[in-house]
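A.B. asks: Quick one: structure below, then a few questions.
The values are calculated or read from the model by the stated rules, or taken from the named source; none is laboratory data. Worth saying up front: this structure is predicted, and the values here are computed from it rather than measured. So basically every Cβ, Gly included, is an ideal-geometry build from the backbone, and we count neighbours across all protein chains shown.
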Amino acid sequence: MAPNTPPSTAEDFSADPFRELISPEIRELRFSARLAATQALYQMDIAATGTADVLAEFESWWIGQEVEGVPFLPVDTALFHDLVQGLVREQRTVDRLINGSLTPGWPLTRILPVLRAILRAGVCEMLVRPDIPPRVTIDEFVEVSRRFYDDDDPGPGNAAPPIIAPETGLVNAVLDAVARELRPEEMNKNESKHPTHFRK
């Protein structure tokens, strides 16, 4: 599955207290912003690109454009900026929170750059966007991880469910642990209604 495709479903979350009360169109813009921010943070990490340069590059050449036949969808610009610029401001805190949720002896610096970018973007959103419920953040970045890592095509004639990659499981576990530390009241509310963050 191409990482730039929009979410596969457009659900009505109005009855769910852990979902943003937003239209499917805005939800898709926000998902695309999370995906673009992950890609931007990855580029900043491996190429040491500055914040201003990466924002200008993505907004001029990637977002809403078609690159080598691959469409890059429009995004919620405010959220995109919040995640990229927020990570620059809060990286020490973000990395400390992630490292505290990882297996001892396996720090964030040992994780592959794409996975590192997903985790950083997810934790950053919890810090800089208190208006977004943490469970929404977890759900959305689990979905971002699935676009990169999961096998949604089990093969012809195979009705087995999509294979959840270990990387996606790690994103779910780490973001859940960080959310419980940062925003415990929101996470504990109606816990039994949300036993997992994986989309059905």
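A.B. asks: Go through the stretch 55-161 and tell me which helices (runs of 4 or more DSSP H), entirely inside it, have 1 or more residues that are more than 17 Å from the chain's Cα centre (by Cα), at pLDDT 90 or above and over 30 Å from S23 (Cβ atoms).
C.D. replies: Working: elements: 77-101, 113-128, 134-149.
In the stretch 55-161, 77-101 are the helices (runs of 4 or more DSSP H) which contain 1 or more residues that are more than 17 Å from the chain's Cα centre (by Cα), at pLDDT 90 or above and over 30 Å from S23 (Cβ atoms).
A.B. asks: Still on this structure, I have one more. Filter the stretch 128-147 down to residues that are out of contact with any Lys or Arg (no Cβ under 9 Å at 6 or more places or on another chain) and crowded, with 20+ Cβ neighbours inside 10 Å and give me whichever is farthest from Y42 (Cα to Cα). Spell out how you get there, then give the answer.
C.D. replies: Just the residues of the stretch 128-147 that are out of contact with any Lys or Arg (no Cβ under 9 Å at 6 or more places or on another chain), to begin with: 129, 131, 138, 145, 147.
Next, only the ones that are crowded, with 20+ Cβ neighbours inside 10 Å stay: 138, 145.
Numbers: I138: 19, S145: 13 Å.
By that ranking, first place goes to I138.
A.B. asks: If you don't mind, another one. Checking L175 against (1) modelled with pLDDT of 95 or more; (2) closer than 18 Å to A36 by Cα; (3) hydrophobic (A, V, I, L, M, F, W, C), which single condition isn't satisfied?
C.D. replies: Tallying (1) modelled with pLDDT of 95 or more; (2) closer than 18 Å to A36 by Cα; (3) hydrophobic (A, V, I, L, M, F, W, C), L175 fails exactly one: (2).
A.B. asks: Same structure, new question: Tell me, please, whether a residue that is farther than 22 Å from R183 by Cα and surrounded by 20 or more Cβ atoms within 10 Å (Cβ to Cβ) can be found in the stretch 115-122. Even if it seems obvious, please write down each step before you answer.
C.D. replies: Taking the stretch 115-122 first, the residues farther than 22 Å from R183 by Cα are 115.
Going one step further and asking which of them are surrounded by 20 or more Cβ atoms within 10 Å (Cβ to Cβ), we end up with 115.
The answer is yes, given that some residue of the stretch 115-122 is farther than 22 Å from R183 by Cα and surrounded by 20 or more Cβ atoms within 10 Å (Cβ to Cβ).
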